[in-house]
1. Shape verdict for region 53-105, please, from the Cα gyration tensor: rounded (a/c under 1.5), prolate (a/b greater than b/c) or oblate.
2. Note down the nm distance, to one decimal, between modelled labels 7 Å out along Cα→Cβ at Gln71 and at Asn50.
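Quick note: the coordinates plus some simple rules give every number you see, no bench work behind them. Since the structure is predicted, the reported quantities are computational estimates derived from the model, not experimental observations. Here Cβ is always computed from backbone atoms with ideal geometry, including for glycine, and neighbour counts include all displayed protein chains.
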Amino acid sequence: MFKKMTSFWEMIFSSGEEEKVNYCKNIHRNKKDVTPSYVEISKDLNSKENQVFEASVYYLCVIAKMKQEYQKDISEILNMYLNKNKAKTSRVSYVLEMAKEHGLDEFIHN
């Protein structure tokens, strides 16, 4: 930890302006490239394991319920999943059940 702090202070007080500029650019780039957590969670909808699938559906519904600004995107993700899997399987039933339980059934079209 001391080594990291030393290099940080050296960078701040060093004579090389290029290092400071690159450091600030990297910080800005990292903040700009952050994806919402529901995007990563939605990738687990294709998991072969039921427990992983059910957890991803549950967390997507919880995020949509808590964050109004993500409701539209998450409901689109769930609708795309339902449209892709038209057959009445246990997974489709689970998605519909969780959406209803979390008050998202008005956004879900089956």
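1. Judged from the Cα gyration tensor, region 53-105 comes out prolate (a/c at least 1.5, a/b above b/c).
2. With each label placed 7 Å out from Cα toward Cβ, I get 3.1 nm.
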